[in-house]
Amino acid sequence: MKILLIEDDRLLGDGIAAGIAQSGLVVDWVLDGQQADTALATGTYDAVVLDLGLPGLSGMELLRRARASGKSLPILILTARDAVEDRVAGLDAGADDYLVKPFDLTELQARLRALLRRSKGHADPVISQGELQVDPVSHSVFWSGKSVDLSAREFAILHTLLLNAGRVMSKAQIEEQLYGWGEEIESNAIEVFVHHLRRKLSPQLIRTIRGVGYMIEKTTP
Ligand code: CA
């Protein structure tokens, strides 16, 4: 899954970007309001981490624009200490959550997990699907109760397909979830990862929808 980080402080942004990547998410980082506006308009993201104090366009203005244009993705705002009014105004303008600087990276990671899970319609942090159990916190995967080792990319594909169970995801959509700007994508990488997942879990788990993409069926518990 892919996060857009909008933060003009290089040192802080560096730390946050590393923290997001560490939790298995892909991050695109922009440093000013104008770049952020373009990224929001043209990219596909699962959530946004938005600093309110930005050069170019303010964080509040970005928030209003995103919601006015119908974007429903979760947005977590970063505000300065003692800025109660900012937090209230941000939440009222459509933000879903906030963190007050300075904050602990583990808290940001946990809040992002919660926002992503909720936005995909899951309340339980462990995703169960038939024989499969996936825990996004510990990155552990079980099939029929047995632990299965997956690489970071394999885990990311499985997690994405599971959160979108019942929906077909195109190769391009999956690639976008897996790679940040400027990262080299090998042409058959997704096919290879899906092949590994089928081998490690079950040949039937991931369906190929010819000419469209891949899908995990939605099973009713
Ligand atoms: Ca700032």
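If I take R0 = 30 Å and measure r between the Cβ atoms of D9 and R167 in this structure, what FRET efficiency does the formula 1/(1 + (r/R0)^6) give, to the nearest 0.05? Please list the in-between numbers first.
Numbers: r = 37 Å, r/R0 = 1.23.
Plugging the Cβ-Cβ distance into 1/(1 + (r/R0)^6) gives 0.25.
Across bins of 10 angstrom width beginning at 0, how are the C-alpha pair distances of the chain distributed, in whole percent?
Distribution as computed: 8, 33, 34, 19, 7, 0 percent.
Could I have the simple spin-label model distance between V212 and T106, label points 7 Å from Cα toward Cβ, reported in nm to one decimal?
4.3 nm
Keeping the other protein chains in place, figure out the carbon and sulfur percent of the accessible area of the chain, with a 1.4 Å probe.
Details: 5590 of 11180 Å².
Carbon with sulfur: 50 percent of the solvent-accessible area.
Per residue, what volume in Å³ does the Cα convex hull of the range 114-204 take up? Numbers along the way, then the final one.
Details: hull volume 10.1 nm³, N = 91.
Given the Cα convex hull of the range 114-204, per-residue volume reads 111 Å³.
Roughly what angle does helix 152-163 make with the longest principal axis of the chain, taking Cα atoms, 0 to 90 degrees, to the nearest 10?
90 degrees
Which listed residue (S119, Q129, G59) has the Cα farthest towards the positive end of the charge dipole for the chain, taking +1 on Lys and Arg C-beta and -1 on Asp and Glu C-beta about the Cα centre?
Q129
Could you please state, rounded to a whole Å, how far the C-alpha centre of the range 10-74 is from the C-alpha centre of the range 154-180?
Measuring centre to centre over Cα atoms gives 21 Å.
Please work out the average accessible area per residue across the range 112-152, using the 1.4 Å probe convention, and give it in Å². Intermediate values should be presented prior to the final figure.
Working: 2340 Å² over 41 residues.
Result: 57 Å² of accessible area for each residue.
I need the phi-derived Karplus couplings for the range 133-141: 6.51 cos²θ - 1.76 cosθ + 1.60, θ = phi - 60°, integer Hz, Gly and Pro marked x.
Rounded to whole hertz, the list is 10, 10, 10, x, 6, 8, 6, 9, 10.
As a check on your grasp of the helix formula, calculate [θ] at 222 nm for the chain: sum -39500 (n - 2.57) over DSSP H runs of n ≥ 4, divide by the residue count, round to the nearest 500.
Numbers: 8 runs with 89 residues, N = 221.
Computed mean residue ellipticity for the chain: -12000 deg cm²/dmol.
Would you please state the base-10 log of I(q)/I(0) at q = 0.13, 0.18 1/Å for the range 30-123, with intensities from the Debye formula using one equal scatterer on every alpha carbon?
-0.41, -0.81
List the chymotrypsin sites (Phe, Trp or Tyr not before Pro) within the range 146-221 that fall in a DSSP loop (any state other than H, G, I, E or B) and whose Cβ has at most 15 other Cβ atoms within 10 Å.
Working: sites: F155, Y179, W181, F193, Y214; in loops: Y179, W181.
Within the range 146-221, the qualifying chymotrypsin sites (Phe, Trp or Tyr not before Pro) (loop, at most 15 other Cβ atoms within 10 Å) are W181.
How much area per residue is accessible in the range 1-107 when the probe is 1.4 Å and only protein heavy atoms are counted (Å²)? Walk me through the intermediate numbers first.
Numbers: 4820 Å² over 107 residues.
Result: 45 Å² per residue.
Give me the extension gain from R67 to W143: residue separation times 0.36 nm, minus the current Cα-Cα distance, reported in nm with one decimal.
Values: separation 76, 0.36 × 76 = 27.36 nm, distance 3.95 nm.
Contour length minus Cα-Cα distance gives 23.4 nm.
GluC sites (Glu not before Pro), restricted to the range 152-221: which are DSSP loop and have at most 15 other Cβ atoms within 10 Å?
On the way: sites: E154, E175, E176, E183, E184, E186, E191, E217; in loops: E183, E184, E186, E217.
Those that pass, being in a loop and sparsely packed, are E183, E184, E186, E217.
Which angle from 0 to 90°, rounded to the nearest 10, does the C-alpha axis of helix 33-42 make with the longest principal axis of the chain?
The two axes meet at around 30 degrees.
The values are calculated or read from the model by the stated rules, or taken from the named source; none is laboratory data. All of these numbers come straight from a predicted model, not from anything done at the bench. In this analysis, Cβ positions are derived from the backbone assuming ideal geometry, glycine residues included, and neighbour counts consider all displayed protein chains. Just so you know, the surface numbers come from the protein's heavy atoms only, side chains and all, with ligands and any DNA or RNA stripped out. Shrake-Rupley method; radii C 1.70, N 1.55, O 1.52, S 1.80 Å.
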